[in-house]
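Visitor: Here it is, the structure, as structure tokens.
Each value in this text was obtained by applying a stated rule to the coordinates, not by laboratory testing. Owing to the predicted nature of the structure, the values given are computational and were not obtained by experimental measurement. No Cβ is skipped: glycine too gets one built from the backbone with ideal geometry, and neighbour counts run over all protein chains shown.
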Amino acid sequence: MSSWQKSSYSGESNECIEVRAAEGAVELRESETGDVVISTTPRKWAAFLLGAKAGEFDHVGA
């Protein structure tokens, strides 16, 4: 398992989403609630990233 990683856009903030590669999975968690982990497949994660880069989720808010 790799280490948890957060976006460089989070800066020094501890309120962020963290991600790591696990055995055959991608795991996500919120830094403030590190004991709650969501797991997905690498294929689904890749599809989500492509959608995010294409702006498909921009309406969700920032």
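Visitor: Is there a quick way to get the dipole size of region 1-49? I mean about its Cα centre, with the Cβ of Lys and Arg at +1 and of Asp and Glu at -1; what is the value in debye to the nearest 20?
Guide: On the way: 5 positive and 8 negative charges, 68 e Å.
Once rounded to the nearest 20, the dipole reads 320 debye.
Visitor: With springs only between Cα atoms under 10 Å apart, run a GNM on the chain and tell me which of ARG29, ARG43, ARG20 wobbles the most.
Guide: Largest GNM mean-square fluctuation: ARG43.
Visitor: Same structure, new question: Hey, what did region 1-54 get for relative contact order, percent, Cα under 8 Å, at least 6 apart?
Guide: On the way: 71 pairs, mean separation 13.0, N = 54.
So the answer I get is 24 percent.
Visitor: Exactly which GluC sites (Glu not before Pro) in the chain are in a DSSP loop and have at most 13 other Cβ atoms within 10 Å?
Guide: GLU12, GLU15, GLU23, GLU32, GLU56
Visitor: If you stretched the chain out fully between VAL37 and LEU49, how much longer would it get, using 0.36 nm times the residue separation minus the C-alpha to C-alpha distance? Let's see the in-between values first.
Guide: Working: separation 12, 0.36 × 12 = 4.32 nm, distance 1.83 nm.
2.5 nm is the gain from fully extending VAL37 to LEU49.
Visitor: Sticking with this one: With Rg and Dmax of the Cα atoms in Å in mind, check [x] 12.3, 33; [y] 12.9, 42; [z] 11.8, 33 and report the label derived from this structure.
Guide: [x]
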